[in-house]
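Nothing in this text is a laboratory measurement; each read-out follows from the coordinates by a stated rule. All values reported here derive from a predicted model rather than from experimental measurement. Please note: Cβ atoms are built from the backbone with ideal geometry, for glycine as well, and neighbour counts cover all protein chains shown.
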């Protein structure tokens, strides 16, 4: 199977490409990236810029995709997804979650370990990978637990988890409160050069909280989650990372204070990175008014000041990654009193459109910067080989984006099994029109 | 003239004119309670359901009597949340009740926003009888009514609210109601029980009780809820009483004849001394009596036909 | 409807002026004394709002005739209406203020206009909730006919034949700054 993508603007920050080029794919790999000029195919790349006189590729390919006016990028990577399988297949499955990812332009996703059972042993990791092989539309990279049963007491068999395919460690959703355990997990993880991806939350500060502690929670009488509940833990984990030398990636950063700590640590050379979700970048706690349970997530939507700081950090590179924290929940679970509703929203199918609408079209981020944060950086942080780039020889995971395509987020079009999104009905500009995984087209806009 | 809404969920959503309309209607209703035969036929054939997810004697009884004086059929459903979470959800309970065609559902619930959940989905008029730390609009209305009845006006008065402001729905509703009717509100309490963003509520806060009550026309003491304040918020009730309790000695620092209010039930000797609670300037029992008039007024105003809105 | 007809729809016809109202009330006061053989045990209860003004005026005249202060109360019948909650918003409730017992009293209900009789029915129900009068009589300034209930007035200031499409409006100094009764032709 040979696939030729012609005439698109190819953006690949990893290989310094940003030009109108053609991409030739074969056997699930990038075969060539270059320019069709008459019958000549001019190969581009950092090393090889000499024109070659090959056969015009159009004559020998199985499919030609005309990407004129579109953006061709390395397949997007979402570092933070909850697939719910095993255990809550009513909310999401590996099949439905990866289908949603494909529609959203993601070719690889990392699944958090808080399934039922949790992913704290190689056998669960293997199950997920096998299932993903069988029914997954996109690549699935499991994240393993830091502690057994996410109980925060004893280390998992991290070596086994890595051998089985885990690319990172996290007790997402149940933060590790025991600082000694966190320290040892970091030390242990350095043996495998695997990053820790903590959900930073000091539970004693956030206990009972359901919304950002701020003006809105004050007015609505909701128990608040102070911004310091996150920042205190970010501080601890940065200090431990610095002490142990472990690689640290802070999940869903949401507060000004956390950003200050990360910025300062990075300046000092600490190996820390951070991610931001589209919802924390676009919504504030004002969305909670009316007790809208689809605005309930953890960390909570913060006030405008925190959101502005997060935007600045994303733009200046302090926050390297955009990740969705895609968290499917059954309708009935969200259709309840605010306090009782579970935290989280889905995000795979709206992330790219939201970021293009709110950041690219608002001239806050360029397209290469967006690709860097949604593909290049995740691959780099997770050390995903041959991913996050369109270099010759890389995996043929490609996203073709129409940055000007206008669309509306419609509930009935969502491929995720759960529909808990606050963005339903939003009119967006920009969407993935084709998603290619290992050389195969897994999503195409109808 | 009618309320511009199907439900009464918050004071925040009310226009000042609506507040005055409710108070005026209550003023007319109050006479019914003075009659030998305390019943008028206005709500004959109407069904009112008291749906209480928290223990409450005075509010539930007040709504029940108000409904009965207006000839409505009043049904009480008491439920604890713990038993509910095992069984039917609030929404399912609401839908079941709706199928019985009630005209009004009065709900008290520990979770902020629970009344709105019902209001958005049920045809019946929903009255919030207290939702968590959010609002308790009928309490604020009866408090305004009591102040207006005694002092003849609201505009320009100064009221001090003292106690656990942070967790108090009574404080939240009263602050809104008072601001909308031209009352200057200041609140006082221990630093751990003051809201972190008082400007959002539109009040001045202080930890100095005597400064707060110095030129107040009315002092409203809030109940210290022993069950809600964990050991991290208050060292002891003894110290709370010493710093923030209202007693005769402290009252000397306030204006002569300052009126004393309390939403009840009282913790005598904690936030308020018996001499003050039972003293000549205490409006505490007037508040209870006036609660009936306010609730009659609301039941009446919310059971009108609303051809344009429904 | 044509524009010229529309202009005529609320044309006013005055049927009583200030003098006529004064004379009618004086005559009604005399009839009350005559029928009740004096003013003993009499109380006047006006229906909100103009009935209350008329009751006060009658009380003044009774004092002139008999030298006795006949107490006046105000009854608001809103909560006794038979059309509550049917359609439209709830009508405004005003205060009932009757600072005396009606038990064993001769109660004269006073209203401005007697029409369908429904207001009087509501007033009777309201009155009975307040006690047990010995007798209840009805005094009205204008009886315009079209009764829908078996009710009649004991004292009538003026009988005015009307069409149902018309509206009778009583204006009193106390409420309206002027005394007079007009008919509005409401042909909608």
Restricting things to alpha carbons, find the Rg to Rh ratio for region B:1-152 using the Kirkwood radius for Rh.
-> 0.96
Report, in degrees rounded to the nearest 10, the 0 to 90 angle that the Cα long axis of helix B:169-180 makes with the longest principal axis of chain B.
-> 90
Pairwise FRET efficiency - residue A:2 versus residue A:366, Cβ, R0 = 25 Å, nearest 0.05 = 0.20
Of A:22, A:171, A:160, which is the most mobile in a GNM of chain A whose springs link Cα atoms less than 10 angstrom apart?
-> A:160
Name the most mobile residue of A:28, A:221, A:75, meaning the one with the largest mean-square fluctuation, in a Gaussian network model of chain A with Cα contacts below 10 Å.
-> A:221
So how do C:81-91, C:56-66 stack up, highest first, on mean other-Cβ count within 10 Å?
-> C:56-66, C:81-91
Taking chain A and counting helices only, DSSP H stretches of n ≥ 4 at -39,500 (n - 2.57) each over all residues, the nearest-500 ellipticity at 222 nm comes to -7500 deg cm²/dmol
Just tell me how shielded B:30-38 is by partners: mean number of partner chain Cβ atoms within 10 Å of each residue's Cβ, no decimals.
-> 3
Taking 0.36 nm per intervening residue step and subtracting the Cα-Cα distance, what contour gain separates residue C:12 from residue C:182 on full extension?
-> 60.6 nm
Take chain A, connect every pair of alpha-carbon atoms lying under 10 Å apart with a spring to form a Gaussian network, then pick out the residue of A:15, A:416, A:96 with the largest mean-square fluctuation.
-> A:15
Tilt of helix C:50-66 relative to the longest C-alpha principal axis of chain C, in degrees (0 to 90, nearest 10)?
-> 40
Beta bridges per DSSP with both ends in the protein assembly as shown, % antiparallel, nearest 5 = 35
Rounded, prolate or oblate: which fits region C:16-165, taking a ≥ b ≥ c as square roots of the Cα gyration tensor eigenvalues, rounded meaning a/c under 1.5, else prolate when a/b beats b/c?
-> oblate
Test item: C:81-88 mean partner chain Cβ contacts at 10 Å = 5
What is the Cα radius of gyration of region B:186-310 over 2.2 N^0.38 Å, N being its residue count?
-> 1.28
Burial-style ranking of C:18-24, C:111-117, A:106-112, C:74-80, average other-beta-carbon count within 10 Å with highest first, yields A:106-112, C:74-80, C:111-117, C:18-24
Calculate how steeply helix A:94-103 sits against the longest principal axis of the alpha-carbon atoms of chain A, using the helix alpha-carbon long axis, and give the answer as 0 to 90 degrees to the nearest 10.
-> 60
Cα gyration tensor category, rounded, prolate or oblate, for region A:287-390 with a/c compared to 1.5 | prolate
Computed from the beta carbon distance with a Förster radius of 56 Å, FRET efficiency for residue C:40 and residue C:163 to the nearest 0.05 stands at 0.85
Of the peptides B:59-72, C:136-149, A:387-400, how do they stack up when ordered by the mean number of other Cβ atoms within 10 Å, highest first?
-> A:387-400, B:59-72, C:136-149
Among bridges DSSP assigns within chain A, what percent are antiparallel (round to 5)?
-> 60
Region A:75-382: C-alpha gyration tensor shape, a/c 1.5 cut-off, then a/b vs b/c | rounded
For chain B, what ratio Rg/Rh do Cα atoms give with a Kirkwood hydrodynamic radius?
-> 0.97
Partner chain Cβ atoms within 10 Å, averaged over the residues of B:114-123 - can you pull that number for me?
-> 2
Can you work out the PRE-style zone for residue B:36? Point 7 Å along Cα to Cβ, and I want the residues of region C:133-151 with backbone N under 12 Å.
-> C:133-134
Roughly how many Å is it from the Cα centre of region A:189-255 to that of region C:126-188, as a whole number?
-> 75
Residues residue C:23 and residue B:266, FRET efficiency given R0 of 60 Å [Cβ-Cβ distance, rounded to 0.05] = 0.45
Value at 222 nm in deg cm²/dmol, rounded to 500, when DSSP H runs of n ≥ 4 in chain B each add -39,500 (n - 2.57) = -10500 deg cm²/dmol
Alpha-carbon centroid distance for the pair region A:305-321 / region A:414-442, whole angstrom = 24
